[in-house]
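All of the numbers you see were taken from the coordinates with simple rules; none came from a lab. As the structure is a prediction and not an experimental result, all values here were calculated from the model. Heads up, the Cβs are rebuilt from the backbone with ideal geometry, glycines too, and the neighbour counts pull from every protein chain shown.
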Amino acid sequence: MSEARARIPLNWPAVFMFLITTVPVLTVFPWYAWKFGFDAFEWTWFVVLCFLTGLSITGGYHRLWAHRSYEASKPLQIVYMLLGAMSLQNSILIWASSHRVHHRYVDDVDKDPYSINRGLWFAHMGWMLRDYPSGKVNIANAKDLEANPIVMFQHRYYLWLAVGMNLGIPLLLGWWHGDIWGSLLLPGLLRLVVSHHVTFFINSLAHYWGRRPYTSENTARDNDLLAFLTYGEGYHNFHHIFQWDYRNGVRWWQYDPTKWLIRTCAALGLASGLRRVPEFQIRKALVERQIERARERLAECDDPSLLKRLQAQLEQEASHLAELIGHWAALQQEKIEATKQKLLHQWNESEAHKKLQGLEESLRLQQRRVRLIGRLQVA
């Protein structure tokens, strides 16, 4: 341990929390599994609660509150708030505020709370075990969340909600099933530890392992396996360049259950205002990254004459692609404007529009009468 690191005090609440969850999973859980075993009921609820708490982090803490990529109804926010507390990853306010700092200063070793440039272990969970300056809580970037009563209720009563959800639901399941210890250990404790590390994978592995199809300006990667493990969060390179999009898996075939949850909630009237990056911006980022990779490969060429010829060809193709993208974007904008004009024309011809015009005319006349009466009274 370096002298500088030794001077940074341990974050004892986090150390204690990881000790009381991890140590029993490594000791009591295997013993109980060997001696008594677990049945289908307990494994089913383990999977169900993994998904419910995980999606509350990805759909609630992350895409709703940290990035405001859509709006959620109060009932949906309450569900996210309660199951998020069960995930034991701190309050919405602190989680979202720290994540916004991460996006603003991504990879900065001094300002990014969990910068991968400080090592895989640091990015995974080491950043929580000590009171590093980069991890200091500063909610100045979360004034919108401070104005949310549901967020602030959870923040004020977070400890009680977290303990109540993590003990109450497994105890209820155990009482229902007749095996309290089995429910406490599998849907309760193991589910919690697995959920923790699944989330931590995004801070560590998703900045270390995978491809960068959209941008090379940061370390974020797209990784299909991580997307499967993290409810769609593994398409992290896309997310870091288009963080306000409610989707991470932008293609139809990409596994993103968080995206599907948000769409379903929108169809049920529980969510609205789903934000999407225009397709031409996505295509533009892909093409620019392809050109960048081609230039990198050409730089490795040993034949000067071949290199010069290939570079000229590449620049010509890049120019042509840029022209095509610009033309395509213009046509897309024309399509949008045409749709607006069509809708405007339909509105102008509608009975509702005519009634509105009549009401507006009546309102103007009434305003004139009021002004006239006022002048007469003055006179």
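Tell me whether region 175-182 contains one or more residues that are free of Cβ contacts under 8 Å to residues at least 24 places away in the same chain, within 24 Å of ALA66 (Cβ to Cβ) and hydrophobic (A, V, I, L, M, F, W, C). There is no residue in region 175-182 that is free of Cβ contacts under 8 Å to residues at least 24 places away in the same chain, within 24 Å of ALA66 (Cβ to Cβ) and hydrophobic (A, V, I, L, M, F, W, C).
Pairing residues of region 248-276 that are without any contact (Cβ under 8 Å) to a residue 40 or more places away in the chain with residues that are part of a loop (DSSP other than H, G, I, E, B) and of a type in the set (Ser, Thr, Tyr), at Cβ distances under 8 Å and at least 6 apart in sequence or on separate chains, gives GLY249/TYR255; ASP256/TYR231; LYS259/TYR246; ARG276/TYR246.
Within this structure, ALA96 fails the test of being part of a helix (DSSP H, G or I) and more than 14 Å from the chain's Cα centre (by Cα).
Tell me, which residue of region 32-43 that is among the aromatic types (Phe, Trp, Tyr) and in a helix (DSSP H, G or I) is farthest from LEU129 (Cα to Cα)? Please lay out each step first, then the result.
Looking only at region 32-43, we keep the residues that are among the aromatic types (Phe, Trp, Tyr), and these are 32, 34, 36, 38, 41, 43.
After this cut, where a residue has to be in a helix (DSSP H, G or I) as well, the list is 32, 34, 41, 43.
Values: TYR32: 29, TRP34: 32, PHE41: 35, TRP43: 31 Å.
Among them, the one singled out is PHE41.
Checking the stated criteria, PRO170 turns out not to satisfy the condition of being within 30 Å of SER73 (Cα to Cα), in contact (Cβ under 8 Å) with a residue 60 or more places away in the chain and over 24 Å from the mean Cα position of the chain (by Cα). Any chance region 31-42 includes a residue that's within 31 Å of the chain's Cα centre (by Cα) and under 29 Å from GLN154 (Cα atoms)? Yes. Filter region 86-108 for residues that are closer than 15 Å to SER56 by Cβ and not hydrophobic (A, V, I, L, M, F, W, C); which is surrounded by the most Cβ atoms within 10 Å (Cβ to Cβ)? This residue is SER87.
Would you be able to tell me the number of residues in region 267-295 that are small (Gly, Ala, Ser) and under 17 Å from the mean Cα position of the chain (by Cα)? Summing the residues that are small (Gly, Ala, Ser) and under 17 Å from the mean Cα position of the chain (by Cα) in region 267-295 gives 3.
Go through PHE29, PHE46, PHE18 for me and flag whichever is within 20 Å of VAL198 (Cα to Cα), touching a Pro at 6+ places or on another chain (Cβ under 7 Å), assigned to a helix (DSSP H, G or I) and not small (Gly, Ala, Ser).
On the way: PHE29 fails: touching a Pro at 6+ places or on another chain (Cβ under 7 Å); PHE18 fails: touching a Pro at 6+ places or on another chain (Cβ under 7 Å).
It is PHE46.
Count of region 128-181 residues, restricted to those that are touching a Pro at 6+ places or on another chain (Cβ under 8 Å), of a type in the set (Asp, Glu) and within 23 Å of LEU52 (Cβ to Cβ), is 0.
Please work out if ASP107 is at positive phi and assigned to a loop (DSSP other than H, G, I, E, B).
yes
Annotation: of all residues in region 109-123 being surrounded by fewer than 21 Cβ atoms within 10 Å (Cβ to Cβ) and charged (D, E, K, R), the one that is nearest to SER56 (Cα to Cα) is LYS111.
Restricting region 57-79 to residues that are within 20 Å of HIS103 (Cβ to Cβ) and free of Cβ contacts under 8 Å to residues at least 60 places away in the same chain leaves a set whose member that is surrounded by the fewest Cβ atoms within 10 Å (Cβ to Cβ) is ALA66.
Scanning region 247-268 for residues that are basic (Lys, Arg) and either assigned to a helix (DSSP H, G or I) or in contact with a helix residue (DSSP H, G or I) (Cβ under 9 Å, 6 or more places away or on another chain) (or both) yields ARG247, LYS259, ARG263. Taking THR53 as the residue in question, decide whether it is buried (at least 22 other Cβ atoms within 10 Å of the Cβ), within 18 Å of PRO170 (Cβ to Cβ) and among the hydroxyl-bearing types (Ser, Thr, Tyr). Spelling it out, THR53 is indeed buried (at least 22 other Cβ atoms within 10 Å of the Cβ), within 18 Å of PRO170 (Cβ to Cβ) and among the hydroxyl-bearing types (Ser, Thr, Tyr).
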